[in-house]
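The values are calculated or read from the model by the stated rules, or taken from the named source; none is laboratory data. Since the structure is predicted, the reported quantities are computational estimates derived from the model, not experimental observations. Cβ: placed from backbone, ideal geometry, glycine included. Neighbour counts: every protein chain shown.
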Amino acid sequence: MKCFTIAWKDLNLRLKDRKGFLMMILMPLILTAILGAALSGVMGGDEKLPITTVGVVLQDRDELAKTFVEEVLKSKDVNEFIKVRSVSSEEKARQLLKEEKMDAAIVIPAKWNEHLKDGRLKELTLLTDPGKSLQASIVESITTSFIDKVVTLAVSSKVVMEQLAASTPAMTGKLDMGQAATEIAGKLQVQKKTWESTVSETPIGKRSVSSSQYYAAAMAAMFLLYNITIGAKSLLNERETETLARLMSTPTSRMQIVFGKFLGTFYFAVVQFTVFTITTHFAFHIDWGKNIVQTATVGLVYSFAVAGLSMLIAVLIKQEKTADLISGIGIQISAVLGGSMLPLSVFPNIMQKMANITPNKWVLTSFIDIMSGTTWNALVLPITVLLMIGVISLSIGSAKFKLQ
Amino acid sequence: MLQIKDMKKSFGKNEVVKGISFSIEKGESFGLLGPNGAGKSTTISMICGLLPVDAGEIVVAGKSVKTDPMNVKKKIGVVPQDIALYPTMSAKDNLIFWGKMYGLTGSQAKKRGAEVLEYVGLTERAKDKIETFSGGMKRRINIGAALMHKPELLIMDEPTVGIDPQSRNHILETVKKLNQEGMTVIYTSHYMEEVDYLCERIGIVDHGRMIALGTKQELCNRLTSGTVITLELNEVTSEFVTLVNDLPFVEQVVTKNETVEIFVTDANLAIGETVSKAVTSGLAVQSVHVREPNLESLFLQLTGRSLRD
């Protein structure tokens, strides 16, 4: 198959091109290192949360308050960054905060769970230092999460018990309400054990990845995008240097030439992605997710999409200069819009919707999903979109391909 | 080997090839001449299957370019005017690549690549990148790439443009040798002496038509004038041209810048008369040359232009 010979030739030419190698392989690695390090404090994930000393004022020996302090604030999952300190009064807590001996304080009122059976808790007071907003938000997040769970569980158990009491088995004595209550309570205990896991770490968008992980994925998405112009320029260059005419004077079909050029770009994108992921994994300890097959699949379909787009661009433009212009402007816009520069979550909704037209958005969100653990089902849509981009672009490119 | 019948090609409303017909026998060396824009390259592109013909038929080794282009392409080797090679690849890798494009297997291409390098005299530079080669060496590899599959018909489109005399001689010798070994050659050039040296038959194309076709001798016999006088003047005036044209032994006058080419039947009479007319017209004669008619003269007489215009 001559298309493979053309593709292999193109791959070799690109791998031997020092300037191209620097641009396509080294540059994304350098940028990942710089951006990941520079923004490590802004994003969550592997980065350690600041150690937060929380003062707790218990105004009585309420059971729920005790549970909150012992099983949540002092749990092994948060005790790495939450240090609990008992404080005798609210005034004392304010004073300690002022003296910066604590980062935040929670004042739990007496009889905190008095109205729990009505589905609400007495309001507690959270004292925070305005200069320590991150610590304040951590404490607030933990507290709110606990309250929400308690209220939800209380309301749901109340509703279940009411329904059971009104049911025929209970009315006729066939259902032991005491035993049923015990079983429900048991299940609620199991639920309680998951409270801690609901505490988030202020991640980027909705996913818990580190800045290094995010920018590794973002740079991979952005720099693979450059294959669109590199692939298009390769075909334009063959046209300008008459090697395309020479190729067409050999017994090689037009389709084999187009597919060979497409494959050449695809091969290089795959090599670029593979080198990038392996290097970032071992050199920068980037975790690309537990499922390497998912990462590889998304990388492959993205390479397919950019290679297809390169063929489309090659038939739409006439000169290499235009390809450079597209590279300079178009890819930068796509990179910004697709979240390669800044996380998509910081953009307004309209821009987040517009991002759907960029292939790098689909691959970036997929990588982030894979990094934070996702199912194949969740990847069906982005994979389909990327495949469609590749197939449609390649089809148009093949149909419109001409010698001149 | 090649039969062309009433071949036509237009680009929009511009008819570039207006019904060209000619044929070439197997083993023949054929020169295709014509000034820029005459339709030579379009003719060659159509023979190679790069451009579709609007009308007419092209048959190469019994296969129609229109209906069986792939088999035709297998029999043709094309040497383009430009260096159609990959500059950052070595000479050997370029040859192997083009060999594979012509259908050779990897091992066949390697073996043939070594033979071709030997043929074009660049074996010692096999591993060097094309971009490090001189213009002449690039031209030799450019020819070599077209020889990889041992074509039956070699089409060369001005293969010696812009190279040193040594490389030019090497190329001419190579082409001569290939032709002597039985390869059919179509050669286009701006250098009349190259065509004169290499080709048995010549076709002259102008304004999309074949205006002369035959062996060198046949074409020279078509020249009505016996001698060409070239006058180099300080300027050429229309009055002078009219005066010369009116002389009884003058067949044709062709001017270019300060030079006048006068086709005459009697050189002895013409020299004195034409110089006298120049002086009468107030022109200063810088030089006078007298030569026997050749292909260049024929070309000039037929097209009114010199080959390199």
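Among the residues that make up the range B:226-238, is at least one of them closer than 30 Å to B:Phe22 by Cβ and assigned to a loop (DSSP other than H, G, I, E, B)? Looking through the range B:226-238, at least one residue is closer than 30 Å to B:Phe22 by Cβ and assigned to a loop (DSSP other than H, G, I, E, B).
The requirement of being within 14 Å of another protein chain (Cβ to nearest Cβ), under 23 Å from B:Arg112 (Cβ atoms), under 21 Å from the mean Cα position of the chain (by Cα) and free of Cβ contacts under 8 Å to residues at least 40 places away in the same chain is not satisfied by B:Gly77. Restricted to strands (runs of 3 or more DSSP E) entirely inside the range B:134-207, those with at least 3 residues that are more than 14 Å from chain A (Cβ to nearest Cβ) are B:184-188, B:201-206. In the set (1) under 24 Å from A:Leu35 (Cβ atoms); (2) over 13 Å from the mean Cα position of the chain (by Cα); (3) surrounded by fewer than 13 Cβ atoms within 10 Å (Cβ to Cβ), the condition left unmet by A:Pro359 is number (3).
A single member of B:Gly182, B:Gly214, B:Gly203 is surrounded by 21 or more Cβ atoms within 10 Å (Cβ to Cβ) and of a type in the set (Gly, Ala, Ser), and it is B:Gly203. The set of residues in the range B:34-61 being within 11 Å of chain A (Cβ to nearest Cβ) and touching a residue at least 40 places away in the same chain (Cβ under 8 Å) consists of B:Ser41, B:Ile44, B:Ile47, B:Cys48, B:Leu51.
Quick grid of which residues meet (1) of a type in the set (Val, Ile, Thr); (2) touching a Phe, Trp or Tyr at 6+ places or on another chain (Cβ under 6 Å); (3) modelled with pLDDT under 80; (4) surrounded by 15 or more Cβ atoms within 10 Å (Cβ to Cβ):
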site: A:Trp112; (1), (2), (3), (4): no, no, no, yes
site: A:Leu153; (1), (2), (3), (4): no, no, yes, yes
site: A:Thr168; (1), (2), (3), (4): yes, no, yes, no
site: A:Gly178; (1), (2), (3), (4): no, no, yes, no
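Taken across the range B:247-261, residues that are assigned to a helix (DSSP H, G or I) and buried (at least 19 other Cβ atoms within 10 Å of the Cβ) do not occur at all. Counting residues in the range A:260-268 that are within 14 Å of chain B (Cβ to nearest Cβ), in contact (Cβ under 8 Å) with a residue 40 or more places away in the chain, part of a helix (DSSP H, G or I) and of a type outside the set (Gly, Ala, Ser) gives one or more. Which is away from every other protein chain (no Cβ under 14 Å) and closer than 22 Å to B:Pro87 by Cβ, of A:Thr274, A:Thr252, A:Thr229, A:Thr280? Only one candidate qualifies: A:Thr229. Here B:Val116 meets the list (1) within 13 Å of chain A (Cβ to nearest Cβ); (2) of a type in the set (Val, Ile, Thr); (3) in a helix (DSSP H, G or I) almost entirely, failing just condition (1).
Here's the yes/no breakdown for (1) in contact with a strand residue (DSSP E or B) (Cβ under 9 Å, 6 or more places away or on another chain); (2) more than 23 Å from A:Glu242 (Cβ to Cβ):
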{"position": "B:Phe11", "(1), (2)": "no, no"}
{"position": "B:Gly19", "(1), (2)": "yes, yes"}
{"position": "B:Lys26", "(1), (2)": "yes, yes"}
{"position": "B:Ser64", "(1), (2)": "yes, yes"}
{"position": "B:Val78", "(1), (2)": "yes, no"}
{"position": "B:Ser90", "(1), (2)": "yes, no"}
{"position": "B:Met101", "(1), (2)": "no, no"}
{"position": "B:Gln108", "(1), (2)": "no, yes"}
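Every condition in (1) within 11 Å of chain A (Cβ to nearest Cβ); (2) touching a Gly at 6+ places or on another chain (Cβ under 6 Å); (3) in contact (Cβ under 8 Å) with a residue 40 or more places away in the chain is met by B:Leu95 except one, and the failing one is (1).
Looking at A:Phe268, A:Phe284, A:Phe223, A:Phe273, just one residue is in contact with a Lys or Arg (Cβ under 6 Å, 6 or more places away or on another chain) and closer than 30 Å to A:Ser372 by Cα, and that residue is A:Phe268. The requirement of being in contact (Cβ under 8 Å) with a residue 40 or more places away in the chain and either within 14 Å of chain B (Cβ to nearest Cβ) or closer than 19 Å to A:Ala218 by Cα (or both) is not satisfied by A:Asn356.
Count, please, the residues in the range A:318-372 that happen to be among the β-branched types (Val, Ile, Thr) and assigned to a loop (DSSP other than H, G, I, E, B). Total satisfying the criteria: 1. Being surrounded by fewer than 20 Cβ atoms within 10 Å (Cβ to Cβ) and either aliphatic (A, V, I, L, M) or outside the structural domain of A:Ala232 (by TED's automatic domain parsing) (or both) holds for only one residue in A:Val298, A:Val346, and it is A:Val346.
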